[in-house]
Amino acid sequence: MPSTLPCRAGVGLKPEHYRTILAEAPAVGFFEVHAENYMGAGGPPHRYLSAIRERYPLSLHGVGLSIGADRPLDLAHLARLKALIQRYEPSQFSEHLAWSSHGEVFLNDLLPLPYTDATLARIVDHVGQVQDALGQRLLLENPSTYVRFEESSWSEIDFLAEIARRSGCGLLLDVNNVFVSATNHGFAAEAYVDAFPLGEVGEIHLGGHAPEADEAGAVLLIDAHDRAVADPVWQLYERVPQRTGPLPTLIEWDDQVPAWPELLAEARRADACLAAARPHKQPRETRRAAAG
Amino acid sequence: MPQLADPQGGFAAALLDHAAALPPGLVAPSGWPVERRFRVYRNNVLAGLGSALELRFPVVRRLVGEAFFRAMARDFVLAAPPRSPLLLHYGEGLPAFIEGFAPAAELPYLADVARLENAWWRAYHAAEARPIEPAALAVTEPATLLMASAQLHPSLQLVTSPHPIVAIWATNTQDETVRPITAWTAQDALVSRPGAAVELRSLPPGGYRFLAALLAGASFAAAAEAAQAASAQFDLACNLKGMLEAGALVGIRPGAELEAGS
């Protein structure tokens, strides 16, 4: 069984920061990488990731498995994931409630799904297949969406909760995605977070979004990961550890990547939120002390 | 309501064909247009894959400028979207696309520069292997070496061109202000990654044919002969030295006659 990530702030690992991280050994709870960026045969990405893995816990985040596709899973890709997990022994693996490939064509975006009984059954099958192949529990992430489907008969929260119940997977709560979707579809982000099955959540994601407007002048938020986490997203985030106790929390910044200190400052802010929620962790600390 | 036979197929097709009608059954909050919402997905696909290409082809991008590159990348993405979730290799088809891309016709070297950048990334992501020590080769009898074939480093890549691609690559990679190319001559490139860093060299006369023959499994003698036929200036000693410097040789396989004990 893989260990779990520490209940601290982690950072999405970017090549721009490889050298700084190795030179300065910053106090960061964990690093997370996109699995697909480490599927080359060798070279600098593996050299750096190996060195960083020796010093930090690792979370593996997939962006290419297309779990929501209406086609069978790509078994070659699943095999590549398994090899990567065997090589780096990450604390956990997560993927998205979305599809990104159609047949052979990879669309490189996390595309939306109708929340129907048929989609549910297919995703439960796919999640089960992934967990069987990888020999571990998967965390499934709530998406950012820009459209919804007429035919949806489930709420997103019930849909995710039912996938978790039937497949045994855990959930990854992306608080920025909640805020983006809530704004884009006009629902209350706080109510979504409050109703989310937090007991299944193994990790939280925080990232920046880009505000745009549509023809009607309505604000449209894009899940861009190209800037700092917005203040209302921090406020939404604070609700979670207050209820669950500290959870591993990732800062995602994938585009317009800043200098390391700016990214580290975001992680420090998440750590401060987690520290404010520490009392909830008392039982676990006590257990560890007793065991030690 | 009858279900579409292939709703994701329709969605995917509309992402890549911007003239296509929107997929049916999409909703936005009341009164808000669905078109703009769907366009976010279209933009995400183009912008994400365009950025992946920009990262992989920085020299091509510098040669043509940002606006030209983005327009070309957009056409390429829509014509040839990735066939794998591994974007590490996306853009292998860009050189051939550039050759058929009319607005780039004024830059006849552009496709070969793109080939060189593809070679650079293949070397970057290639498997690890330890190059042979030059001293180990020095103790090999010349006759033994000539009959042997080469175990080449997995990162080894060759690019041949009638244009000075190495010089173009070098000044566009290293110089803040691009230096004019003084000698506009054909250049063949050897790309390797013997250690942590990718290295790029211009090959001496006949060098491309020599290494290409070794890559195809020829003995050193047969490869030298092919190189000699391609260029009378081919110099075996100089080429061996160059390939050792590039860390291109991992080992040698004894020739068949020696293995048979003759």
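The values are calculated or read from the model by the stated rules, or taken from the named source; none is laboratory data. Everything numeric here is computed off the predicted structure, so don't read it as measured data. For neighbour counting, all protein chains shown are included, and Cβ atoms are generated from backbone atoms with ideal geometry for every residue, glycine included.
Brief remarks follow.
- Which listed residue is assigned by TED's automatic domain parsing to the domain that holds B:Ala186 and either part of a helix (DSSP H, G or I) or closer than 19 Å to A:Leu110 by Cα (or both), from B:Ala135, B:Ala119: B:Ala135
- Elements of the type strands (runs of 3 or more DSSP E) sitting completely within the range A:177-283 and holding at least 2 residues that are at pLDDT below 95 and farther than 26 Å from A:Leu13 by Cα: these cover A:210-213, A:219-222.
- Sub-9 Å Cβ pairs linking a first residue in the range B:181-199 that is assigned by TED's automatic domain parsing to the domain that holds B:Phe210 and of a type in the set (A, V, I, L, M) to a second residue that is assigned to a loop (DSSP other than H, G, I, E, B) and exposed (fewer than 14 other Cβ atoms within 10 Å of the Cβ), at least 6 apart or interchain, are B:Ala186/B:Pro162, ordered by first then second residue.
- Unmet criterion (only one of (1) within 14 Å of another protein chain (Cβ to nearest Cβ); (2) in contact with a Phe, Trp or Tyr (Cβ under 9 Å, 6 or more places away or on another chain)) for A:Glu36: (2)
- Sole residue being of a type in the set (A, V, I, L, M) and surrounded by fewer than 16 Cβ atoms within 10 Å (Cβ to Cβ), chosen from A:Ala121, A:Ala189, A:Ala182, A:Ala161: A:Ala121
- Among the residues of the range A:153-179, those identified as among the polar types (S, T, N, Q) and under 22 Å from A:Leu221 (Cα atoms) are A:Ser155, A:Asn176, A:Asn177.
- From the options A:Glu141, A:Glu150, residue that is within 24 Å of B:Pro23 (Cβ to Cβ) and either of a type in the set (Phe, Trp, Tyr) or within 14 Å of chain B (Cβ to nearest Cβ) (or both): A:Glu150
- Residue match in the range A:49-70 (condition: over 21 Å from the mean Cα position of the chain (by Cα) and small (Gly, Ala, Ser)): yes
- Candidates A:Arg165, A:Arg137, filtered to the one that is under 29 Å from A:Ala83 (Cβ atoms) and not polar (S, T, N, Q): A:Arg137
- Check on A:Glu54, on the phi > 0 side of the Ramachandran plot and more than 14 Å from chain B (Cβ to nearest Cβ): no
- Verdict on B:Ala227 being surrounded by fewer than 18 Cβ atoms within 10 Å (Cβ to Cβ) and more than 23 Å from B:Ala114 (Cα to Cα): no
- The one condition in (1) more than 9 Å from chain A (Cβ to nearest Cβ); (2) at pLDDT 95 or above; (3) in contact with a helix residue (DSSP H, G or I) (Cβ under 9 Å, 6 or more places away or on another chain) that B:Gly65 fails to fulfil: (3)
- Hits in the range B:123-132 - residues which are assigned to a helix (DSSP H, G or I), touching a residue at least 60 places away in the same chain (Cβ under 8 Å) and not aliphatic (A, V, I, L, M): B:Tyr124
- Counting only helices (runs of 4 or more DSSP H) that fall entirely inside the range B:157-262 and contain at least 1 residues that are over 21 Å from the mean Cα position of the chain (by Cα), the qualifying elements are B:220-230, B:236-245, B:256-259.
- For the range A:1-22, the set of residues classified as more than 22 Å from B:Tyr124 (Cβ to Cβ) and not polar (S, T, N, Q) consists of A:Met1, A:Pro2, A:Leu5, A:Pro6, A:Cys7, A:Arg8, A:Ala9, A:Gly10, A:Val11, listed by residue number.
- Qualifying residue in the range B:75-82 (condition: under 27 Å from A:Gly40 (Cα atoms), in contact with a strand residue (DSSP E or B) (Cβ under 7 Å, 6 or more places away or on another chain) and not hydroxyl-bearing (Ser, Thr, Tyr)): yes
- Members of the range B:151-188 found to be farther than 16 Å from B:Leu249 by Cα, small (Gly, Ala, Ser) and either modelled with pLDDT of 95 or more or surrounded by 13 or more Cβ atoms within 10 Å (Cβ to Cβ) (or both), listed by number: B:Ser161, B:Ala167, B:Ala170, B:Ala186
- Subset of the range A:5-17 [surrounded by fewer than 19 Cβ atoms within 10 Å (Cβ to Cβ) and within 15 Å of A:Arg47 (Cβ to Cβ)]: A:Pro15
- Restricting the range B:36-62 to residues that are more than 13 Å from A:Asn108 (Cβ to Cβ) and in contact with a strand residue (DSSP E or B) (Cβ under 8 Å, 6 or more places away or on another chain), the residue that is farthest from the other protein chains (Cβ to nearest Cβ): B:Phe38
- Any chance A:Gln131 is surrounded by fewer than 22 Cβ atoms within 10 Å (Cβ to Cβ), among the polar types (S, T, N, Q) and either assigned to a helix (DSSP H, G or I) or on the phi > 0 side of the Ramachandran plot (or both): yes
- Filtered by the rule that a residue be in a helix (DSSP H, G or I), of a type in the set (D, E, K, R) and without any contact (Cβ under 8 Å) to a residue 24 or more places away in the chain, the range B:75-116 gives a lone residue, B:Glu99.
- Residue check: B:Gln233 meets all listed conditions (1) within 17 Å of B:Gln157 (Cβ to Cβ); (2) surrounded by fewer than 20 Cβ atoms within 10 Å (Cβ to Cβ); (3) modelled with pLDDT of 95 or more but one, namely (1).
- A:Val105 being of a type in the set (A, V, I, L, M, F, W, C), more than 17 Å from the chain's Cα centre (by Cα) and within 14 Å of another protein chain (Cβ to nearest Cβ): yes
- Residue among B:Val198, B:Val250 that alone is buried (at least 20 other Cβ atoms within 10 Å of the Cβ), at pLDDT 95 or above and of a type in the set (Val, Ile, Thr): B:Val198
- Residue tally, condition touching a helix residue (DSSP H, G or I) at 6+ places or on another chain (Cβ under 6 Å), within 14 Å of another protein chain (Cβ to nearest Cβ) and not aromatic (Phe, Trp, Tyr), over the range A:114-138: 1
- Any hit, the range B:72-79, residues being closer than 25 Å to B:Asp175 by Cα, at pLDDT 95 or above, more than 17 Å from the chain's Cα centre (by Cα) and more than 8 Å from chain A (Cβ to nearest Cβ): yes
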